[in-house]
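Report on the following structure.
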Amino acid sequence: MTRDGDHAKESTVTDRRITPDDLEASFRALKDEIDGTAGEVRERAIPVLVLAGVLALVVAYLLGKRVGRTRSTVVEIRRI
C-alpha cells in the first residue's frame, strides 16, 4: 500500500544508449535556459542596484553632515 505522498516514479527502460551528442544537446539546452533567465534578472537588477547605491550615498552624506554639525567646535574670537 502506498500513501498519497509516497508514489514511486515509474522508470521506462529503453534500448537506446545515451550518446555524447545527447548529453551535449541537453547541457546546451540547459545553458541556454539559464542564460535567458540570468539576462532577465540582470536587466531588472541593475536599476535597482543603482538606486540602492544612490540612496546609500545620500543617507551617508546626510548622516555625516549631521555628525559634523554636532561635533564641530565653535571658536569665538574677541578683540580687546
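Evaluate E = 1/(1 + (r/R0)^6) for residue 56 and residue 24, where r is the Cβ-Cβ distance and R0 equals 41 Å; express this FRET efficiency to the nearest 0.05. If you can, show how the numbers build up before the last one.
Details: r = 45 Å, r/R0 = 1.09.
Given R0 = 41 Å and the Cβ-Cβ separation, E is 0.40.
When only DSSP loop residues count, what GluC sites (Glu not before Pro) in the range 25-80 have their Cβ near at most 14 other Cβ atoms within 10 Å? When the GluC sites (Glu not before Pro) of the range 25-80 are filtered for loop state and at most 14 Cβ neighbours within 10 Å, 76 remain.
Wrap a convex hull around the Cα atoms of the range 20-70, take a quarter of its surface area, and give that in square nanometres.
With the hull built on Cα positions only, its mean projection is 4.6 nm².
Any read-out appearing in this document is the output of simple, stated calculations on the displayed coordinates, not a laboratory observation. Remember, it's a predicted structure, so these values are computed and weren't measured experimentally. When we count neighbours, we look across all protein chains shown, and the Cβ atoms used for this are built from the backbone with ideal geometry, even at glycine.
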